[in-house]
Amino acid sequence: MLAKSGIFFQRALPSLVRGMASASPLVEPREAMEYDVVTVGGGPAGLAAAIRLKQLDPEISVCVLEKGSELGAHVLSGNVFETRALDELIPDWKDRGAPIQTKVTEDAFLFLTESGSVQIPNMLLPPQLHNDGNYVISLSQLVRWLGDQAEELGVEIYPGFAASEVLYSADGATVLGVATRDSGVGKDGAAKHGQFARGIEIRARQTLLGEGARGSCSEEVMEKFNLREGCDEQTYGLGLKEVWEVPSESLKPGYVQHTLGWPLQHGPLDKTFGGSFLYHMEPNLVLVGMVVGLDYENPHLSPYHEFQRFKHHPSVSAHLAGGRCISYGARALNEGGLHAIPKLTFPGGALVGCSAGFLNSVKIKGSHTAIKSGMVAAEEVHRALEAKDPQGSDPQGEWQAIEATSYQSAMEKSWVYEELSEVRNCHGAFKHGLLPGLAYSAASAFLLKGREGWTFHNRTPDWAKTKPASECVEIAYPKPDGQLSFDILTNLSRSGTNHEHDQPAHLKIKPGMESVASKVSLPLYGGPEQRFCPAGVYSYLEAEEAGGEQQLAISAQNCLHCKTCDIKTPKNYIKWVVPEGGGGPAYTVT
């Protein structure tokens, strides 16, 4: 292993580029740092990998890059936490003061109508929905604690550094690390005087991508190395969440409630996938949210406004009475399950956590599988590095091509794949409607357990499942009352979202698709980006404002980094890339 971490060096560049560097700081050679392993993303998977590597070999050099201003700032989850993977990673987590305290005391699963509800007996629920032994937690707080554990072991963690570029060998066949985004660049693409700082290359023998669902580096690597060959299209959900402070006398610590039915499903054959969650967490917090499958058909649907009107249901509002909303956020999540998981390794690195897609959508959990994937990746990467030349580079200074292929087989033998295999067809069954989906899920959970000899494949991306607006029923949403329900900008202020205004847009219209918004999205689909974005980023200027034709307006500074626009825009015309490091939401209790 490398004897030292953080070794700076100047990358050798042709004389032509050196000459250009004197003219513009944007093309100056970047400083670089060398590590054995870099994990891109300081979430549960990336930090678990870093911790496990240091447990295996204290001398190995490990770096974690996190685009948020601090660990946990971009982490959002329900979250009812299953400790199985953490028990393996840090068995004495209780003694170490992990922020895991509110044990689940009661499970309730309701089917909602517009004004009433029916509770489904727990004995009829799939075993995956039983939460005995689990805890209601804040995942952003747990991630910060994991960061402390990693740093105690010697892991170097750099929050506020966004990985914007994957580094490849000269022949493009091997990943050599990543480069962070330049800072101090204006909207015009020019370096701002006195503020510009060139990005840094983080070169590593192994690069573990743990950016979460739809990570930009992960998507690039999957495409370059064709990692999705032979697997299903990934399908996604949009999770929206609020945290409420309620009177302590109203709290039922450990109470867990999930719902199906209203407002997303109005009949037994309604194909809109999704549901809600509501959890009571000590000392006085109620975590409430909704997940809406992004394979929905009706472009008039607004996940944000569905969530807001849902809170007025008596089975929900009773839990929020006398309280106040203190935090809001949203994030896309993988729902494709086992058949949508790509090949996990590539020359020079691997995918971990939700970059690969290990969420169990039936269990409504993915943190435990993310942690386990990070651990397994660390073990197999360590084994692969040990088997190679300790110095790891050839005479020309390039890293040797190392692919920890055993990570794939190790994951397939793990309890993660066993868990996902049992429910592998459940999500696909809902394409036939709510009732068929529920019936099949029950049969799968109690009888089939993934052993059926058929597979419900998904070959269509979520954006292509949207129907023309003319074929769908318009939805009239009630105005928010300012007490239980809120307009988007009011809630956005509770997310702590902030970006440097004078920087290049990180929400980019793909080349050659500049007219899709005005020629396809708006006239054919009614401009659904105005409704699916949970931060109000997208709007259309009226014709008189836009000089004769309605034009798309993008308020990138509002972006919550949920990635929904990268998934659901018609023709998939938006590409999400990282903004300057440190920008985005500032979650603390989500």
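The residues K271, K413, K563, K465, sorted by heavy-atom accessible surface at 1.4 Å with ligands and nucleic acids left out, run K413, K271, K465, K563 from largest to smallest. Approximating the spin labels as points 7 Å out from Cα along Cα→Cβ, the N122-to-S539 distance works out to 4.8 nm.
In this calculation the C-beta distance from S555 to E452 is compared with R0 = 51 Å, giving a FRET efficiency of 0.65. By a 1.4 Å probe calculation restricted to protein chains, S493 has an accessible surface near 90 Å², given to the nearest 10. Shape call for region 189-294 from the C-alpha gyration tensor, a ≥ b ≥ c root eigenvalues: rounded (a/c under 1.5), prolate (a/b greater than b/c) or oblate? It is oblate, given that a/c is not under 1.5 and a/b is not larger than b/c. Kindly identify region 488-540 as rounded, prolate or oblate by the Cα gyration tensor criterion: order the square roots of the eigenvalues as a ≥ b ≥ c, call it rounded if a/c is under 1.5, otherwise compare a/b with b/c, prolate if a/b is larger, else oblate. Oblate.
Across every pair of non-identical alpha carbons in the chain, the mean reciprocal distance, once inverted, gives a Kirkwood radius of 24.6 Å.
Tell me, what % of the accessible area of region 232-293 is carbon and sulfur with a 1.4 angstrom probe? Of the solvent-accessible surface of region 232-293, carbon and sulfur hold 54 percent. Take the Cα radius of gyration of region 22-130 and divide it by 2.2 N^0.38 Å, N being the number of residues; the result is 1.67. Loop-resident trypsin sites (Lys or Arg not before Pro) (DSSP state other than H, G, I, E or B) in region 194-264 with no more than 16 further Cβ atoms inside 10 Å of their Cβ: R228.
Would you mind classifying region 150-190 by shape? Square roots of the alpha carbon gyration tensor eigenvalues, ordered a ≥ b ≥ c; an a/c under 1.5 is rounded, otherwise it is prolate if a/b is larger than b/c and oblate if not. Oblate.
Relative contact order of region 292-366, taken over Cα pairs closer than 8 Å and 6 or more residues apart, is 22 percent. The DSSP beta bridges internal to the chain are antiparallel in roughly 70% of cases.
Only protein heavy atoms count here; on that basis, with a 1.4 Å probe, I364 has an accessible area of about 70 Å². Among the listed pairs K271/K575; K431/K467; K241/K372; K224/K563, a Cα-Cα separation exceeding 18 Å is found for K271/K575; K241/K372; K224/K563. What do you get for the angle between helix 44-56 and the principal long axis of the chain? Use alpha-carbon atoms, 0 to 90 degrees, nearest ten. Between helix and principal axis, roughly 50 degrees.
Taking the Cα centre of the chain as reference, the dipole from Cβ charges on Lys and Arg (+1) and Asp and Glu (-1) amounts to some 560 debye.
Rounded to the nearest 10 degrees, the inclination of helix 139-152 to the longest alpha-carbon principal axis of the chain is 30 degrees. Mean separation of Cα pairs under 8 Å and 6 or more residues apart, divided by the residue count, gives region 198-310 a relative contact order of 26 percent. Each Cα pair under 8 Å and six or more residues apart adds its separation to the average, and for the chain the resulting relative contact order is 20 percent.
Using the alpha-carbon positions of region 243-318, Rg (one decimal) and Dmax (whole number) come out as 13.8, 42 Å. The residues of region 183-275 expose on average 37 square angstrom of accessible surface per residue, using a 1.4 Å probe on protein heavy atoms.
The values are calculated or read from the model by the stated rules, or taken from the named source; none is laboratory data. For clarity, every value in this text was computed on a predicted model and none was experimentally measured. All Cβ positions, even for glycine, are placed from backbone atoms using ideal geometry, and neighbour counts span all protein chains on display. Areas reflect the complete protein model, heavy atoms only, side chains present, ligands, DNA and RNA absent. Shrake-Rupley method; radii C 1.70, N 1.55, O 1.52, S 1.80 Å.
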